[in-house]
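Participant: Before we start, here is the structure in question, set down as structure tokens.
The values are calculated or read from the model by the stated rules, or taken from the named source; none is laboratory data. Because the structure is a prediction, the values reported are computed rather than measured. Note: ideal-geometry Cβ built from the backbone for every residue, glycine included; neighbour counts use all protein chains shown. Ligands, DNA and RNA are excluded from the accessible area calculation, which covers all protein heavy atoms including side chains. Shrake-Rupley method; radii C 1.70, N 1.55, O 1.52, S 1.80 Å.
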Amino acid sequence: MTDSSTSKARKFTGISPVWIVPLLALAVALWMVWQDTRGTGPTITVAVGDAEGIEAGKTQVKVRNVDVGQVTEVRLSEGFSSAVIEVAMNEGTERMLNPDTRIWVVKPRIGRQGISGLGTLLSGAYIRLQPGESKEQQSHFKALEQPPVTSQETPGRRLNLTSEGQTSVTVGDSVQYQGFTVGQVEQSEFLVDERQTRYQIFVKAPYDELITENTRFWLQRGVSIQWNSQGLDLALGSIESLLGASVTFGVPEGQPRGDKLASEQEFEVFESLEEAKQQGYIHGIDYVVLLDESVAGLEKGAPVQFKGVRVGTVREVPLRWFPDNGDEAPLKRIPILIRFEPERLRGLVADTDIESWEKRLPELFKQGLRANIRASNLLTNTLFVDVRFYPNADEEGVDDKFAGYPVMPAMASDFTRLEEKLTALMDKFNQLPLEQGLNDFSAAMSSVDSTAKKLDSVSESLAAIVEQPQMKQLPQLLQQNLIQLKELTGSFNEGSPTRQQLNQTLTEIEQLSRELKPVIELLQEQPNSLIFSPSIEPDPEPKAYE
């Protein structure tokens, strides 16, 4: 018993030397694993469009030029649409990885802002990480195609702008306020469904305090040419705007500054400052105007005026209201959509409240307020909507609805009435016997032409007579005759012999005429007295009355 118990004790108390080597190997492996895992952080994946210059085990991830991770694997995505990069982050980088984090590949780039990333020509491309401020954790990211323009830590405000026109704003263009650069355009994309362009801009502090509810954004181009009532207006922008378009903002003149932005608000980018002034009114009352005349020359954005004062804006020309098949209304009149904007009357009326004007306008329609179109420029055929009172207007169309909008009654414009009068005048003119008159006029012109030819012949004959040598002596002969006439008249002066002889002759003629007078009277009574003796009746004797 004693020998057997002693042998068992020896069996359990000793460790065989054979196990020493495996135990040492296990300890070394555990130590190496601990050394390898010490100081490492989470693993993230980054999707990039192109993995050019990215190498596993070599490309670093940096924050402010400090290494915070390394690329461990580069592979294609499942659909082969992008490249997937796995990054082993360093210890303590978990707070950097959240939904606001932005990642991009730094490599040489040439853009409007200049050349960047030249240092990577020697060191190679690397991944830049910009930490976010969110508290949530995230491990999957999509790299930006272009590096962000503004650092995430820069104080300021980001806003979204939309544009339906053809704008030329690109990422990196400046945002200006009264000529000072206060921000930049960070993102630009075209929304296919909305058919509009959306921009994200960043305005640095403290300039972001200038943005209020009534702030308007417009494009500041390098060269601006406008035609106004004073003539041609040519304006040159800043050097930045000459190189490319910039976005500027401000509150249009005559409008209140408004309250500060309490929440995110989307703004529209207008093509020019003038368009921002005229179309930048947010509040208004929409009306449909049914026009029985041509709308050629009337465009979206045209003014709505009352006695020369702008009170609204044309929104759609024509209004496409897409009637259903059951609507049998024919297209006799063209609908346009306008917006009456009471805020434009600030300072001219006591109240610019929308609700009060919604009640006031129908009463004005009953008093004869009507809309029509007028030409603002006859050379360019530019039209606008004119609103005025017509005392003799009937109440037809008042309180009507069209496509869900209230109708503003319309009246034929003076231009249309003038056109109708001109058409009637031309019809009467066409009824005149112009052909017969033209024939008579042609005959008269032929007669005039013949007479003119005869006059030409007479003129040539007179010219030939005048050119004869005898005609050249005519003035000398006339002068000699005038001298002789003068001498002749001088001989009849008072006291001259000719004058005395003439007076004596006249006296003798007068005496002779007195002597011949009885003979002439006798011949008148008895013409034969020259042959027969004249019968002379005796004088009557006076006698008493028997």
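Participant: Taking region 172-223, which residues are buried (at least 16 other Cβ atoms within 10 Å of the Cβ), among the hydrophobic types (A, V, I, L, M, F, W, C) and not in a loop (DSSP other than H, G, I, E, B)?
Facilitator: Within region 172-223, Val175, Val182, Val185, Ile201, Phe202, Val203, Leu210, Phe217, Trp218, Leu219 qualify.
Participant: State all residues of region 76-90 that are closer than 10 Å to Thr45 by Cβ and either open to solvent by 30 Å² or more (accessible area, probe 1.4 Å) or in contact (Cβ under 8 Å) with a residue 40 or more places away in the chain (or both); if no residue qualifies, say none.
Facilitator: Listed by number, the residues that qualify are Ile85, Glu86, Val87.
Participant: Given the conditions (1) at pLDDT below 85; (2) over 43 Å from the mean Cα position of the chain (by Cα); (3) of a type in the set (Val, Ile, Thr), and given that Ile85 satisfies all but one, which numbered condition is not satisfied?
Facilitator: With respect to (1) at pLDDT below 85; (2) over 43 Å from the mean Cα position of the chain (by Cα); (3) of a type in the set (Val, Ile, Thr), Ile85 is out only on (1).
Participant: Next question, about the same structure. Restricting attention to region 271-301, which residues are open to solvent by less than 60 Å² (accessible area, probe 1.4 Å), outside any loop (DSSP other than H, G, I, E, B) and either modelled with pLDDT of 85 or more or among the acidic types (Asp, Glu) (or both)?
Facilitator: Glu275, Ile285, Asp286, Tyr287, Val288, Val289, Leu290, Leu291
Participant: Could you check region 55-83 and list, in sequence order, the residues that are over 18 Å from Glu145 (Cα atoms) and among the small types (Gly, Ala, Ser)?
Facilitator: Those that are over 18 Å from Glu145 (Cα atoms) and among the small types (Gly, Ala, Ser): Ala56, Gly57, Gly69, Gly79.
Participant: Consider Leu118 against the criteria (1) under 18 Å from Val68 (Cβ atoms); (2) open to solvent by 20 Å² or more (accessible area, probe 1.4 Å); (3) at pLDDT below 85: it satisfies all of them except one. Which criterion is unmet?
Facilitator: Every listed condition holds for Leu118 apart from (1).
Participant: Do we have Lys62 as touching a residue at least 60 places away in the same chain (Cβ under 8 Å), basic (Lys, Arg) and part of a loop (DSSP other than H, G, I, E, B) here? Give the steps one after another, and end with the answer.
Facilitator: On the way: touching a residue at least 60 places away in the same chain (Cβ under 8 Å): yes; basic (Lys, Arg): yes; part of a loop (DSSP other than H, G, I, E, B): no.
No, not satisfied.
Participant: Can you report the number of residues in region 42-69 which are surrounded by 12 or more Cβ atoms within 10 Å (Cβ to Cβ) and closer than 12 Å to Leu129 by Cβ?
Facilitator: Adding up the residues that qualify gives 8.
Here's the yes/no breakdown for (1) of a type outside the set (Phe, Trp, Tyr); (2) assigned to a loop (DSSP other than H, G, I, E, B); (3) free of Cβ contacts under 8 Å to residues at least 24 places away in the same chain; (4) surrounded by fewer than 18 Cβ atoms within 10 Å (Cβ to Cβ):
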site: Pro318; (1), (2), (3), (4): yes, yes, yes, yes
site: Asp324; (1), (2), (3), (4): yes, yes, yes, yes
site: Pro335; (1), (2), (3), (4): yes, no, no, no
site: Thr352; (1), (2), (3), (4): yes, yes, yes, yes
site: Arg360; (1), (2), (3), (4): yes, no, yes, yes
site: Ala375; (1), (2), (3), (4): yes, no, no, yes
